[in-house]
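To start, the structure under review is shown below, and the notes come after it.
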Amino acid sequence: MTTTRSLPRLLTVGAALVFVAAACNQAGTATTAPGGGGATAWTPDATKLAAAKTEGALNVIALPRDWCGYGTLLDNFKAKTGLTINEITPDAGSGQEIDAIKNNPNGGPAAPDTVDVGYSFGDANKALYAPYKVATFDSISQKDPDGAWVGDYYGVLSFEINKSVITGDDPKDWADLLKPAYAHSVALAGDPLNSNQAIQTVEASSLGNGGTLDDAQKGLEFFKALNAAGNFVPTIAKQGTLVSGETPIVITWSYLALADRDSLKGSTPIDVVIPATGKFGGIYVQAISKTAPHPNAAQLWEEYLYSDEGQLVWTNAYCYTTRYDDLVKKGLITGDLKAKLPDVTGTVFPTNDQLTASKTLIQGSWASVVGVGPLKTQPPTP
C-alpha cells in the first residue's frame with residue numbers, strides 16, 4: 001500500500017490497538033522452507049507435539065478451504081503433526097462459532113478447539129477464551145495483552161463479478177449497485193444476523209452512502225433501497241451461485257474474490273472491484289476455547305499459523321496478516337508477492353466499540369428496515 005499497506009499504520013485510522021511485549025513460548029526448530037524466499041519451515045516443538053498426540057485430534061470450525069489459504073494450512077499442519085483434523089461446519093459464521101463454544105461447555109466431539117472470528121466477536125467474548133501467547137507474539141500488531149485473542153489477517157470488501165453474466169460496465173462504487181443493469185444480481189456472502197462478513201458489508205455500504213463509523217443506519221437504508229429496486233438477491237452467495245449466475249455480483253472480502261478469480265480462470269471470467277468509497281477493512285482474530293477438548297493441539301495449531309511459514313500461506317492467498325510489517329522487515333515479502341496483494345490505500349478500520357454498536361444495530365434492525373428475513377442457503381450442486 002504505498003505507505004498504507006503497513007497494518008499498524010492502517011489501524012491507527014480507527015481500530016483500538018494494543019501493542020505489548022510478551023514472553024514467548026517454544027515454537028520448535030526451523031529448517032529452510034522450499035521456495036520460501038528465505039523463510040524457515042515450521043517444525044513442531046517435540047514436547048508439545050507429544051502432548052497433542054495424546055489428545056489425537058484438532059477440532060477447527062468455520063474454516064472453508066478456499067478462505068485465505070486454509071486448505072493449504074490444514075493439509076500442511078496435518079502432514080507435519082500426524083494429527084487428525086475435524087473440520088466442523090466450514091461455512092459457519094462468527095456468531096455460530098461462539099454458539100458452538102457456549103453450547104458445548106464441557107467440550108466434546110462438537111466443541112471447537114479454536115475459533116477464527118470477526119474482530120467484534122473477539123474481545124466481546126474474551127471470557128470464553130484461554131489465553132495463550134505464540135512464539136511470535138511480540139510481532140503481532142493487534143492482540144489482547146494477555147493473549148486471550150490475537151489478530152490474524154484482514155482484507156477489504158469488494159465486488160466479485162461474473163463477467164459471463166454482467167457483460168456491461170462493472171459497478172465502481174456502492175451507488176452503482178442500484179442501477180437497473182444489476183437487477184436480481186447483488187448478493188451478500190453471509191447472513192447479517194450471524195455473519196461478520198455480512199454485518200461489515202452493511203457497515204461498509206453505510207460509509208459509501210454518507211454514513212459514519214459511528215452509525216450504520218445508512219447501510220441498512222442502502223440495502224432497503226437495493227431490495228426495493230429488485231437488485232438484491234436474498235441468498236447467501238457461494239462460488240456455485242456466482243458461477244451459475246444466480247448471484248452474479250457478490251460483495252465479499254477481497255482475498256476471497258481474488259482466490260475465486262484464480263480458481264475459476266479459464267471457465268468463468270471474474271472481475272474484482274474495490275469500491276471507490278467506503279473502503280472498509282475487516283480484521284479477524286484467533287482464539288483458543290477455554291473448553292477446548294484438545295488444548296495442546298490447539299496451541300500447536302496457533303504456533304503454526306503465526307510462524308513465518310503459516311503467515312506466508314495467508315499472504316499468498318491475498319490476505320494482509322497482522323505480522324505483515326515483521327515479514328517485510330525480515331525480507332519475506334518479495335516484490336512479486338507485494339505486487340500480488342490488492343491496493344488497500346485509504347482503507348478505514350472501525351474500533352471495537354464502533355463494530356459492536358453497528359453489529360447490535362444491524363442484527364436488531366435488518367428484517368424491519370430492509371424487509372428481508374434470514375437469508376437462504378442454496379444446497380450444494382450435486
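Hey, could you check the range 175-201 for residues that are in contact with a Pro (Cβ under 6 Å, 6 or more places away or on another chain) and in a helix (DSSP H, G or I) and say which is farthest from V156 (Cα to Cα)?
Here the answer is L177.
Here is a yes/no grid of residues against (1) polar (S, T, N, Q); (2) farther than 25 Å from T241 by Cα:
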{"site": "P269", "(1), (2)": "no, no"}
{"site": "A276", "(1), (2)": "no, yes"}
{"site": "T291", "(1), (2)": "yes, yes"}
{"site": "N296", "(1), (2)": "yes, yes"}
{"site": "W301", "(1), (2)": "no, yes"}
{"site": "L305", "(1), (2)": "no, yes"}
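Could you please find all residues in the range 137-162 being crowded, with 23+ Cβ neighbours inside 10 Å and in a loop (DSSP other than H, G, I, E, B)?
Passing the criteria: I140, S141, Q142, W149.
What residue, among those in the range 124-136 that are of a type outside the set (A, V, I, L, M) and crowded, with 19+ Cβ neighbours inside 10 Å, is nearest to T43 (Cα to Cα)?
By that ranking, first place goes to T136.
Here is a yes/no grid of residues against (1) in contact with a Phe, Trp or Tyr (Cβ under 9 Å, 6 or more places away or on another chain); (2) of a type in the set (D, E, K, R); (3) surrounded by fewer than 23 Cβ atoms within 10 Å (Cβ to Cβ); (4) within 14 Å of T247 (Cβ to Cβ):
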residue	(1), (2), (3), (4)
L188	yes, no, no, yes
P192	yes, no, no, no
V202	yes, no, no, no
S205	yes, no, no, no
N209	yes, no, yes, no
E221	no, yes, yes, no
T235	no, no, yes, yes
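Being closer than 19 Å to L157 by Cβ and polar (S, T, N, Q) narrows it down to one residue among Q354, Q299; which is it?
Working: Q299 fails: closer than 19 Å to L157 by Cβ.
Unique residue meeting the criteria: Q354.
Out of L332, L264, which single residue is modelled with pLDDT of 95 or more, under 30 Å from L226 (Cα atoms) and among the hydrophobic types (A, V, I, L, M, F, W, C)? Please lay out each step first, then the result.
On the way: L332 fails: under 30 Å from L226 (Cα atoms).
After applying the criteria, what remains is L264.
Sort out which residues of the range 179-189 are at negative phi and out of contact with any Leu (no Cβ under 6 Å at 6 or more places or on another chain), and write them in order of number. Steps first, answer last, please.
Let us first name the residues in the range 179-189 that are at negative phi, namely 179-183, 185-189.
Of everything in the range 179-189, those that are at negative phi and out of contact with any Leu (no Cβ under 6 Å at 6 or more places or on another chain) turn out to be K179, P180, A181, Y182, A183, S185, A187, L188, A189.
The values are calculated or read from the model by the stated rules, or taken from the named source; none is laboratory data. Predicted, not measured: the structure shown is a model, and the values here were computed from it. Cβ coordinates were reconstructed from backbone atoms using ideal geometry, including for glycine residues, and neighbour counts include every protein chain displayed.
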